[in-house]
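Before any comments, here is the structure.
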Amino acid sequence: MTVTQPERAARTGAQRSASVSVVAVTYSPGPALARFLDSLALASSEPVEVVLADNGSTDGAPEQAAERPGVRVLATGGNLGYGRAANLGVATTGTDWVVVSNPDVVWQPGALDELLAVAGRWPRAGAVGPLIRTEQGEVYPSARELPSLAQGIGHALLGTIWPGNRWTRRYRREQLPVERAAGWLSGSCLLLRRAAFDSVHGFDPRYFMYFEDVDLGERLAAAGWLNVYAPSAEIVHTGSHATDQNRRAMFVEHHRSAYRYLAGRYPGRRWAPVRLLLRAGLMARARLWPPLIGLTARLRGRGNEEEGA
């Protein structure tokens with residue numbers, strides 16, 4: 001989908017009063033979308049433009065949400081994946097700052113204002129990410145280091161059964177939340193400087209879902225921008241739009257994306273054996289790991305499908 005210059009100019013003029021745009025990628029989000037929009041209304045004291053980049057919802061939730069002032073639906077034409085849909089949504093906005101978010105996020109009051117305040121303290125901030133809590137109130141490690149091959153292998157093998165291993169600790173950087181630069185930030189809720197996002201051509205559309213945020217963080221840093229963690233701004237990521245029946249497919253997709261990311265860092269014939277081992281190992285883990293994750297989560301009293309990722 002291509003947005004022409006006149007169309008963008010018209011939209012920019014129509015939304016001139018908005019100080020920030022929010023693009024939520026939807027795919028039959030259910031009641032989570034209404035909770036997202038209700039909480040967003042309390043997250044900023046300034047006008048907010050909301051674009052629902054819809055990947056083919058069949059539950060009517062995006063259309064119902066579009067009855068609210070300042071909310072519109074952008075039909076992407078099919079289930080294009082997270083990054084491609086987000087790119088299309090961002091392309092229709094005219095603000096200097098854009099939030100890309102999952103629709104199963106609940107904003108804490110003032111959180112969007114705080115994200116913008118943190119961005120103002122970091123002139124080279126290309127992306128700013130909030131502190132993310134689970135529904136149980138636990139802090140999710142959403143500001144991490146870029147994964148290396150050795151670190152990725154150690155985390156993949158031991159992250160679920162031994163969370164305190166040194167590779168996982170270093171990758172996740174689980175520590176007291178402090179405002180700082182990170183290697184990458186979770187794409188579940190991300191404030192983006194439009195100039196920075198455009199300078200790296202947005203999310204890489206080759207990632208259907210997962211690792212598009214890791215890849216974006218790396219490319220922003222390579223272009224001279226910073227990925228800034230802002231724990232003074234809080235959201236809750238409920239994960240309520242993900243159903244039990246598609247968790248296995250999501251897990252497999254996570255490993256496909258992990259291979260794409262890591263293989264891209266080791267190109268050429270010299271690294272062909274490494275890529276072959278990576279593919280074999282990740283695909284084996286994708287098949288064998290879900291039962292172990294489920295067992296470990298039950299033992300801990302948790303059920304987060306991202307555990308071990």
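Return the total of residues in region 77-108 being assigned to a helix (DSSP H, G or I) and either modelled with pLDDT under 95 or under 17 Å from CYS189 (Cα atoms) (or both).
Summing the residues that are assigned to a helix (DSSP H, G or I) and either modelled with pLDDT under 95 or under 17 Å from CYS189 (Cα atoms) (or both) in region 77-108 gives 9.
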Looking only at region 88-106, count how many residues are open to solvent by 10 Å² or more (accessible area, probe 1.4 Å), in contact with a helix residue (DSSP H, G or I) (Cβ under 9 Å, 6 or more places away or on another chain) and closer than 19 Å to TYR207 by Cβ. 2
Kindly indicate the residue of region 200-220 that is open to solvent by 40 Å² or more (accessible area, probe 1.4 Å) and touching a residue at least 40 places away in the same chain (Cβ under 8 Å) and also farthest from GLY83 (Cα to Cα) among those meeting that condition. GLU218
Among the residues of region 72-87, which ones are of a type in the set (A, V, I, L, M), open to solvent by less than 40 Å² (accessible area, probe 1.4 Å) and in contact with a Leu (Cβ under 7 Å, 6 or more places away or on another chain)? LEU74
Test result for LEU42, outside any loop (DSSP other than H, G, I, E, B) and within 25 Å of THR134 (Cβ to Cβ): no
Which residues, taken from region 174-202, are farther than 19 Å from ASP104 by Cβ and either of a type in the set (Phe, Trp, Tyr) or outside any loop (DSSP other than H, G, I, E, B) (or both)? ARG180, ALA181, ALA182, TRP184, LEU192, ARG193, ARG194, ALA195, ALA196, PHE197, ASP198, SER199
Quick one: what pairs do we get from region 173-184, first residue modelled with pLDDT of 90 or more, second part of a loop (DSSP other than H, G, I, E, B) and among the aliphatic types (A, V, I, L, M), C-beta under 7 Å, 6+ apart or different chains? GLY183/LEU146; TRP184/LEU146
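The values are calculated or read from the model by the stated rules, or taken from the named source; none is laboratory data. Every value quoted in this text rests on a predicted model; they were computed, and no experiment measured them. A quick note on method: Cβ atoms are made from the backbone with ideal geometry, for glycine too, and the neighbour counts reach across all protein chains shown. With ligands, DNA and RNA removed, areas are computed over all heavy atoms of the protein, side chains included. Shrake-Rupley method; radii C 1.70, N 1.55, O 1.52, S 1.80 Å.
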